[in-house]
Amino acid sequence: MPSCGCCGKRVNLHFSSKNTSFYDNEYCSPYCREFVEGKHEMVNGWDKTGLKNMSGIEWWPKLKFNCEVCGKEYHTKKNGSLFFCSLECALDLNRKSNIKKAKSLFATFKMMQHQRKYREGDGWMSGKAIYEKMKNRGDVSYNSFPSAFRVWKSYGLIEVRSANIEGVRMNEYRIAERFMSEPIGKFMIECRPKRN
Ligand SMILES: [Zn+2]
Ligand SMILES: [Zn+2]
């Protein structure tokens, strides 16, 4: 089992629906990835409290993220909330998007965002490759991605291309460029079908 490149915690790739390790096995959490990539430092007890006898103690700092649902900045400590500024926003993804299994779909998009940013091949993945990753979450039982993505292609969140993979023509998918930085959950809610 790999261990986190920041805090050393073991990273379990399987049945990890509560975190990001089903697609990111370099760090145990977005917090740890940001701590390293953003070159953050531990908070020293002496600096924090002004007490010299606290100098041997170090704290993980609070780090800044943008909420995936409301888009606002929030600060979170290690082991804090992933992706959402509040429980309210985390619940809103389900309540307001009107999508069955919204959390699972959101996790799929985050995985694809990670793939486009860090992995080879500009982020293109076959439906099968996406399914193989999402299976690790433990809550996806069959490959429904090609049909589920049709609507997200029309909204502009997913790009599709036809590729030749070992002599077979098949579709490949990736997250659209603008969603490398824009909040994905917010967009999912905005796309909710309007009632007449
Ligand atoms: Zn870690
Ligand atoms: Zn929020």
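The values are calculated or read from the model by the stated rules, or taken from the named source; none is laboratory data. Small disclaimer: the values here were computed from a predicted structure and weren't measured. In this analysis, Cβ positions are derived from the backbone assuming ideal geometry, glycine residues included, and neighbour counts consider all displayed protein chains.
Here's the yes/no breakdown for (1) more than 16 Å from ligand 1 (Cβ to nearest atom); (2) surrounded by 18 or more Cβ atoms within 10 Å (Cβ to Cβ); (3) of a type outside the set (Gly, Ala, Ser):
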position	(1), (2), (3)
Asn12	no, no, yes
Ser21	no, yes, no
Arg33	no, yes, yes
Asn44	yes, no, yes
Met54	yes, no, yes
Pro61	no, no, yes
Cys67	yes, yes, yes
Gly71	yes, no, no
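Filter region 75-103 down to the residues that are part of a loop (DSSP other than H, G, I, E, B), out of contact with any Cys (no Cβ under 8 Å at 6 or more places or on another chain) and hydroxyl-bearing (Ser, Thr, Tyr) and list them by number. Reasoning before the result, please.
First pass over region 75-103, keeping only residues part of a loop (DSSP other than H, G, I, E, B): 77-86, 98-101.
Checking which are out of contact with any Cys (no Cβ under 8 Å at 6 or more places or on another chain) leaves us with 77, 79-82, 98-101.
Result: Ser81, single match.
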*Met134 fails exactly one of the following numbered conditions: (1) within 21 Å of the chain's Cα centre (by Cα); (2) farther than 19 Å from Lys100 by Cβ. What is the number of that condition?*
(2)
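Could you say whether any residue in region 52-67 is assigned to a loop (DSSP other than H, G, I, E, B), under 26 Å from Val36 (Cβ atoms) and either charged (D, E, K, R) or within 16 Å of ligand 2 (Cβ to nearest atom) (or both)? Walk me through it before giving the result.
Residues of region 52-67 that are assigned to a loop (DSSP other than H, G, I, E, B), as a first pass: 55-57, 60-62, 67.
Pick out the ones that are also under 26 Å from Val36 (Cβ atoms) and you get 55-57, 60-62, 67.
Now restrict to residues that are either charged (D, E, K, R) or within 16 Å of ligand 2 (Cβ to nearest atom) (or both): 62, 67.
Yes, region 52-67 contains at least one residue that is assigned to a loop (DSSP other than H, G, I, E, B), under 26 Å from Val36 (Cβ atoms) and either charged (D, E, K, R) or within 16 Å of ligand 2 (Cβ to nearest atom) (or both).
With the structure loaded, tell me whether Asn12 is out of contact with any Ser or Thr (no Cβ under 7 Å at 6 or more places or on another chain), in a loop (DSSP other than H, G, I, E, B), modelled with pLDDT under 95 and at negative phi or whether it fails that test. Explain how you work it out, then say what you get.
Working: out of contact with any Ser or Thr (no Cβ under 7 Å at 6 or more places or on another chain): no; in a loop (DSSP other than H, G, I, E, B): yes; modelled with pLDDT under 95: yes; at negative phi: yes.
So Asn12 does not fit the description; no.
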*May I ask you to list the residues in region 73-111 that are closer than 25 Å to Arg174 by Cα and basic (Lys, Arg)?*
Lys96, Lys100, Lys101, Lys103, Lys110
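Would you mind stating whether Phe109 is away from ligand 2 (no atom under 16 Å from the Cβ), farther than 30 Å from Lys153 by Cα, aromatic (Phe, Trp, Tyr) and under 17 Å from the mean Cα position of the chain (by Cα)? Can you show your working first?
Details: away from ligand 2 (no atom under 16 Å from the Cβ): yes; farther than 30 Å from Lys153 by Cα: no; aromatic (Phe, Trp, Tyr): yes; under 17 Å from the mean Cα position of the chain (by Cα): yes.
No, not satisfied.
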_Take the conditions of a type in the set (Ser, Thr, Tyr), touching a strand residue (DSSP E or B) at 6+ places or on another chain (Cβ under 7 Å) and surrounded by fewer than 18 Cβ atoms within 10 Å (Cβ to Cβ) and apply them to Ser81. Does it pass?_
no
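Give the residue that is nearest to Glu132 (Cα to Cα), with candidates limited to residues of region 23-51 that are assigned to a helix (DSSP H, G or I) and in contact with a Lys or Arg (Cβ under 7 Å, 6 or more places away or on another chain).
From region 23-51, those assigned to a helix (DSSP H, G or I) are 30-37, 45-49; that's our starting set.
Okay, now just the ones that are also in contact with a Lys or Arg (Cβ under 7 Å, 6 or more places away or on another chain), so 31, 46.
Numbers: Tyr31: 25, Trp46: 48 Å.
Once the filter is applied, the top-ranked residue is Tyr31.
For Lys103, state whether it is within 16 Å of ligand 2 (Cβ to nearest atom), buried (at least 19 other Cβ atoms within 10 Å of the Cβ) and not β-branched (Val, Ile, Thr). Even if it seems obvious, please write down each step before you answer.
Working: within 16 Å of ligand 2 (Cβ to nearest atom): yes; buried (at least 19 other Cβ atoms within 10 Å of the Cβ): no; not β-branched (Val, Ile, Thr): yes.
So Lys103 fails the test.
Given the residues Tyr118, Tyr155, Tyr131, which is the only one that is under 20 Å from Phe187 (Cβ atoms), of a type outside the set (D, E, K, R) and surrounded by fewer than 19 Cβ atoms within 10 Å (Cβ to Cβ)?
On the way: Tyr118 fails: under 20 Å from Phe187 (Cβ atoms); Tyr131 fails: under 20 Å from Phe187 (Cβ atoms).
That would be Tyr155, the only listed residue that is under 20 Å from Phe187 (Cβ atoms), of a type outside the set (D, E, K, R) and surrounded by fewer than 19 Cβ atoms within 10 Å (Cβ to Cβ).
Can you tell me which residue among Gly5, Gly71 is more than 12 Å from the chain's Cα centre (by Cα), under 21 Å from Phe109 (Cβ atoms), in a loop (DSSP other than H, G, I, E, B) and not β-branched (Val, Ile, Thr)?
On the way: Gly5 fails: under 21 Å from Phe109 (Cβ atoms).
The match here is Gly71.
Would region 30-47 turn up any residue that is within 13 Å of ligand 2 (Cβ to nearest atom) and in contact with a Gly (Cβ under 7 Å, 6 or more places away or on another chain)? Full working, then the answer.
First, the residues of region 30-47 that are within 13 Å of ligand 2 (Cβ to nearest atom): none.
Checking region 30-47: not a single residue is within 13 Å of ligand 2 (Cβ to nearest atom) and in contact with a Gly (Cβ under 7 Å, 6 or more places away or on another chain).
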_Pairs please, first residue from region 105-126 and in a loop (DSSP other than H, G, I, E, B), second anywhere and not polar (S, T, N, Q), Cβ atoms under 6 Å, 6+ apart in sequence or on different chains._
Trp124/Glu172; Trp124/Arg174
